Amino acid sequence: MAKKRLLVIEDDADVAEMLVVYFTDQGYDVLHAMTGNEGVAMARAKFPNLVLLDVMLPDMDGFDVCRTLRTTTLTKYIPITFLTQRDGRSDKVAGLELGADDYVTKPFDIEELRLRVQGSLRRSSRESLQDVRTGLATGALIEATRMEIEGKPGWTLLDLQLISLAEFRENYSFIAADEALGFAAQTLTRATNEQGTPNDFVGTTGDDRFVIFTQAADVNALTEAIDVSFKEGVKTFYNFADSDRGYMLGKNEDGTEKQSPLMHFVVSRAAEPVKT
């Protein structure tokens with residue numbers, strides 16, 4: 001299974017290093033930002049499964065970071081755990097009212113923090129908020145977002161299918177396929193962040209199906225960015241022979257040779273505005 005991605009937004013170098021080292025050893029892919037603005041940008045570009053957020057930051061406080069993430073469609077559903085030396089009840093209430101999922105005071109027990117992180121990730125998956133492999137929003141959140149923007153002008157719905165995922169899984173293993181799905185999700189969120197707007201939304205509707213709601217001024221530029229970035233990056237998931245020839249070799253049920261193209265996205269576009 002693809003690694004869960006954590007984003008640590010913490011300006012204390014010692015605390016940040018401890019968290020990065022510890023959670024990396026626990027099998028997570030850990031990102032680190034020193035400032036609030038850097039953290040917001042990284043969350044939009046990298047789409048972590050969970051954010052560990054310090055309240056006291058040099059450029060903006062963690063409450064403002066949380067508020068920004070919660071009011072941006074692309075990041076509004078990412079679980080957030082506050083890390084802070086403020087242990088007053090009013091601070092905890094303020095953080096939770098902004099939509100934080102947990103509030104941990106410093107100094108904290110690292111094992112307790114690990115369990116809290118695991119609990120937040122389990123709740124997110126159990127409540128159908130995030131896909132466990134990609135971290136992308138799933139059914140309930142997709143429908144909530146669809147209803148929110150229904151009938152509003154300027155929105156475009158993109159439906160994307162990842163071609164040849166099943167054949168890749170058959171040839172390379174479930175683990176490799178999950179890693180490829182993680183890369184696919186990162187490609188979609190990065191391209192949407194760069195070519196779209198902060199209000200755009202990326203989700204997954206099935207094993208190889210994805211959806212983007214976008215207000216991008218140039219939707220063609222967005223889809224082209226997805227296509228180019230994914231086709232180039234996905235080559236690293238194949239062995240040299242498959243990558244060089246441009247397709248996979250396998251067997252049909254009758255034993256005859258089967259050729260399958262390398263993974264790529266096929267995109268269909270609904271009329272504007274989005275309707276259900």
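The values are calculated or read from the model by the stated rules, or taken from the named source; none is laboratory data. Fair warning: this is a prediction, and the values are worked out from it, not measured in the lab. As a convention, Cβ positions derive from the backbone with ideal geometry for all residues, glycine included, and neighbour counts pool all protein chains shown. Remember, those area values only see protein heavy atoms, side chains included, never the ligands or the DNA or RNA. Shrake-Rupley method; radii C 1.70, N 1.55, O 1.52, S 1.80 Å.
General observations
- Close amide H pairs (under 5 Å, H built 1.01 Å from N) link LEU57 with GLY62, residues at least 5 positions away or on another chain.
- Per residue solvent-accessible surface (Å²) - the chain, probe of 1.4 Å: 46 Å²
- Positive-pole candidate from GLN195, ALA270, ILE80, dipole of the chain, charges at beta carbon: ALA270
- GNM remark for the chain: springs join alpha carbons under 10 Å apart, and the peak mean-square fluctuation among ASP54, ASP29, ASP218 falls on ASP218.
- Principal-axis analysis of the Cα atoms of the chain puts helix 36-46 at an angle of about 20° to the longest axis.
- Estimated D of region 9-121 in µm² per second, where Rh is the Kirkwood radius over Cα pairs and Stokes-Einstein applies at 20 °C, 1.002 mPa s: 154 µm²/s
- Listed by chain and number, the aspartates and glutamates whose C-alpha is less than 13 Å from the C-alpha of LYS46, apart from same-chain residues fewer than 8 away, are ASP29, GLU38, GLU194.
- The charge dipole of the chain, taken about the Cα centre with unit charges on the Cβ atoms of Lys, Arg (+1) and Asp, Glu (-1), comes to about 560 debye, rounded to the nearest 20.
- Nearby aspartates and glutamates by direct alpha-carbon distance to LYS251 (threshold 19 angstrom, same-chain neighbours under 8 apart not counted): GLU167, GLU170, ASP242
- For the cross-link pairs LYS152/LYS231; LYS152/LYS235; LYS3/LYS106; LYS3/LYS235, the ones whose C-alpha atoms lie over 29 Å apart are LYS152/LYS231; LYS152/LYS235.
- Compared with the dominant Cα axis of the chain, that is its longest principal axis, helix 110-126 is turned about 50°.
- ³J(HN,Hα) computed for each position of region 76-85 - Karplus, 6.51 cos²θ - 1.76 cosθ + 1.60, integer Hz, glycine/proline x: 5, 9, 6, x, 10, 10, 6, 10, 7, 7
- Between helix 174-195 and the chain: long-axis angle, C-alpha atoms, 0 to 90°, nearest 10: 70 degrees
- Close amide H pairs (under 5 Å, H built 1.01 Å from N) link MET248 with SER260, LEU262, residues at least 5 positions away or on another chain.
- From phi via Karplus (6.51, -1.76, 1.60), per-residue ³J(HN,Hα) for region 7-23 in Hz, x at Gly/Pro: 10, 9, 10, 8, 8, 7, 4, 5, 5, 4, 4, 4, 5, 4, 5, 5, 6
- Based on the Stokes-Einstein relation at 10 °C and a viscosity of 1.306 mPa s, and on the Kirkwood radius from alpha carbon pairs, region 79-219 is assigned a translational diffusion coefficient of 92 µm²/s.
- Solvent-free Debye scattering, log10 I(q)/I(0), computed from the Cα coordinates of the chain at q = 0.10 Å⁻¹: -0.56
- Derived scalar couplings ³J(HN,Hα) [region 196-211; Karplus, 6.51 cos²θ - 1.76 cosθ + 1.60; whole Hz; x for Gly, Pro]: x, 10, x, 8, 5, 9, 10, x, 10, 9, x, 3, 10, 10, 9, 9
- Amide H contacts of LEU31 (H built 1.01 Å from N, in plane; Pro and chain starts excluded): LEU6, LEU7, VAL8 sit under 5 Å, all sequence-distant by 5 or more or on other chains.
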